[in-house]
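Before any comments, here is the structure.
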Amino acid sequence: MERTLILVKPDGVKRNLVGEVLSRVEAKGYTIAALKMMQADRALLLRHYAEHEGKPFFEPLVEFMLSGPIVAIVAEGNRVIEGFRKLAGTTDPTTAEPGTIRGDLARDQGTKVVQNIVHGSDSVESALREISIFFPEL
Ligand code: IDP
Ligand code: MG
């Protein structure tokens, strides 16, 4: 069964949107296989966001992800990686389609990093890699 890593980012936790995100994932029919609230540390985020190192938004992204607790979720189901990316919507919340998590619940805050409520793995390889970072016990 396919699995993906979902993160509710600090903006989503601060705005009390953990339940809203979970409920959209569950309503779509995916199963929550694991879930934990945590404070990420820098080392963890450098591993998770390694592909973005060197980009102008990298340091603001790490700082943002350190700014408060996050909720890490493993969701399961056929084609869940693609399915959750559709539920999340595109990266920029201003133009993300209404009906998506980002399109409905986020907007441009004028910050150096886009604050967009959730992360979702973008491929089978990323999902395996990211799940092992956030859930080494699985
Ligand atoms: P994704 O989360 O939609 O997969 P990525 O390109 O993997 O988007 O970028 C990771 C995160 O970095 C985004 O969710 C967003 O928070 C932030 N980000 C991506 N591109 C930009 C940008 O051009 N400016 C500011 N922040 C960005
Ligand atoms: Mg990404």
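The values are calculated or read from the model by the stated rules, or taken from the named source; none is laboratory data. What you are looking at is a predicted structure, and each value in this text was computed from that prediction instead of being measured. Note that we place each Cβ from the backbone using ideal geometry, even for glycine, and neighbour counts take in every protein chain shown. These area figures cover heavy atoms from the full protein model, side chains too; ligands, DNA and RNA do not enter into them. Shrake-Rupley method; radii C 1.70, N 1.55, O 1.52, S 1.80 Å.
Miscellaneous remarks
- Here's the picture: charge each Lys and Arg Cβ at +1 and each Asp and Glu Cβ at -1 in segment 1-93, and of Thr91, Gly77, Pro10 the one pushed furthest to the positive end of that dipole is Gly77.
- Under-5 Å amide H pairs with Ala33, H placed in peptide plane, nonlocal only: Val74, Ala75, Glu76
- Contact order for the chain, expressed relative to its length and based on alpha carbon pairs under 8 Å spaced 6+ residues apart, stands at 36 percent.
- Among the lysines of segment 1-120, pairs at least eight places apart or on separate chains and with Cα atoms under 22 Å apart come to 10.
- Apolar share of the accessible surface for the chain: 53 percent from carbon plus sulfur atoms, 1.4 Å probe.
- Per-peptide average of other Cβ atoms within 10 Å, ordering 23-33, 74-84, 46-56 highest first: 74-84, 23-33, 46-56
- Annotation: per residue accessible area for segment 50-114 equals 54 Å², rounded to a whole number [probe 1.4 Å, protein chains only].
- In terms of its Cα atoms, the chain spans 36, 34, 24 Å along the principal axes, sorted from long to short.
- Taking amide H as placed 1.01 Å from N in the peptide plane, the amide H of Thr90 sits under 5 Å from that of Glu97, each at least 5 places away or on another chain.
- Summed over qualifying helices (DSSP H, 4 residues or more, each -39500 (n - 2.57)) and divided by its residue number, the chain shows a 222 nm mean residue ellipticity of -11000 deg cm²/dmol.
- R0 of 30 Å, Cβ-Cβ distance Glu137-Leu46: FRET efficiency to nearest 0.05: 0.90
- A straight chain from Thr91 to Ser23 at 0.36 nm per residue would run longer than the Cα-Cα distance by 22.4 nm.
- Using θ = phi - 60° in the Karplus curve 6.51 cos²θ - 1.76 cosθ + 1.60, the 3J(HN,Hα) couplings for segment 67-72 round to 6, x, x, 10, 10, 9 Hz; x is entered for Gly and Pro.
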